[in-house]
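Structure record follows, encoded as C-alpha cells.
The values are calculated or read from the model by the stated rules, or taken from the named source; none is laboratory data. Computed from a prediction, not measured in an experiment: that's the story for all the values here. Note that we place each Cβ from the backbone using ideal geometry, even for glycine, and neighbour counts take in every protein chain shown. Note: areas computed on protein heavy atoms with side chains; ligands, DNA, RNA excluded. Shrake-Rupley method; radii C 1.70, N 1.55, O 1.52, S 1.80 Å.
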Amino acid sequence: SDGVLDLNVPTVRVQGSVAINGLAMPAAQGDRGSLELRLGGGSSLPTASFGSSGPAAYTVTLVSGAYSVEWIGNSSLCDGPTAPPVPCNDGPILKDVALTGAGVLDVSVPTVKVQGTVAINGMPMPSASSERGNLDFRLKDGGSLSTSSFGSSGPAHYQVTLISGSYTVQWDANPSLCEATSAPPVPCNGGPVLKDVALSADGVLDVDVPAITLQGVMRLDDKQVPPAS
C-alpha cells in the first residue's frame with residue numbers, strides 16, 4: 001500500500017597500506033597495480049592505482065559486509081627481460097573479511113619470482129618459421145598471466161612475478177605454424193603442460209612441452225578427394 005520506506009545505508013570507511021611479502025612495496029618500471037574489494041553478493045570496488053613508486057596505500061568508503069580482497073596486477077610489467085618486484089597477475093589475497101566498522105586493513109601480497117627454460121620433448125626449443133608460442137600461468141581461483149613470446153629462434157626462457165599459489169601451466173601456441181605444407185617443430189595447439197604446481201617461493205621452474213607430429217591423407221567415401229572450384 002502507499003507509504004514511506006526510509007533507508008539507512010550501513011557504511012564503513014577503510015584504509016590501509018599495501019605491502020609485498022610483508023615489506024614496503026618497491027618501485028617498478030610502470031604502474032604497479034591496485035586492489036579490488038568484492039562484497040559477497042554485491043559489487044566490487046577497485047582502489048586507485050599505486051603508481052610506479054612511493055608508498056602504496058588506499059582509503060575507501062564501502063557498504064558494510066563481508067569482503068574478499070584481490071590484487072589487480074599490471075601484466076605488462078612481465079614483458080621485460082627481468083621479473084618485476086610486484087605480481088603481474090590478478091588473484092585473491094584475503095577472503096571473508098568482515099568490514100563492519102571504520103578502521104585499518106593493511107594488506108600484504110604474497111609474491112614469488114619464477115624463471116626457467118622451455119624445452120620441446122626434453123630438447124632445446126628449435127627454430128620455427130614464425131612465432132613459436134609462449135606459456136600461460138593460470139592461478140587456481142584467480143587470473144592468468146602469459147609470458148612474452150619465445151620468438152621464432154633462440155633460447156626459450158621466461159621470468160615472471162606471480163601471486164604465490166597453485167598454478168596450471170599451459171602452452172599457448174601459434175596455430176598459423178601448422179598452415180604450412182610441412183609440420184613445424186613446436187605444437188600448434190595450446191593445452192595444459194603442468195597441473196597443480198605449488199609456487200610459494202622464488203625459484204626455477206623449467207617446462208618441457210610434450211609434442212607429437214601427425215600426418216596423413218584425407219579421403220572422401222574411401223576415394224581420392226575430387227577437385228572442386
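Numbers below:
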quantity: Farthest positive-ward along the stretch 123-229 dipole, Cα basis, beta-carbon charges - from Gln224, Ser153, Pro192; calculated: Gln224
quantity: Arg138 - accessible surface, heavy atoms, 1.4 Å probe, Å² rounded to 10; calculated: 110 Å²
quantity: Debye, to nearest 20: dipole size of the stretch 3-123, +1 on Lys, Arg Cβ, -1 on Asp, Glu Cβ; calculated: 160 debye
quantity: Net charge dipole size for the stretch 65-180 [Lys, Arg +1 and Asp, Glu -1 on Cβ; Debye, nearest 20]; calculated: 240 debye
quantity: Residue among Val86, Ala128, Val107 farthest towards the positive dipole end of the chain, charges placed on Cβ; calculated: Ala128
quantity: The chain, relative contact order in percent, only Cα pairs under 8 angstrom and at least six apart counted; calculated: 18 percent
quantity: The stretch 131-195 versus the stretch 1-59: alpha-carbon centroid distance in Å; calculated: 32 Å
quantity: Order of exposure, largest accessible area first, which applies to Thr100, Thr111, Thr11, Thr168 with probe 1.4 Å; calculated: Thr100, Thr11, Thr168, Thr111
quantity: With DNA, RNA and ligands ignored, accessible area of Met218 (1.4 Å probe; Å², nearest 10); calculated: 150 Å²
quantity: Nitroxide proxy distance, nm - points 7 Å out along Cα→Cβ at Met123 and Leu220; calculated: 3.8 nm
quantity: Per residue solvent-accessible surface (Å²) - the chain, probe of 1.4 Å; calculated: 57 Å²
quantity: Net charge dipole size for the stretch 122-183 [Lys, Arg +1 and Asp, Glu -1 on Cβ; Debye, nearest 20]; calculated: 140 debye
quantity: Answer label, with percent of Cα pairs over 28 Å apart calculated from the coordinates and candidates (i) 47; (ii) 34; (iii) 29; calculated: (i)
quantity: Cα gyration tensor category, rounded, prolate or oblate, for the stretch 126-229 with a/c compared to 1.5; calculated: prolate
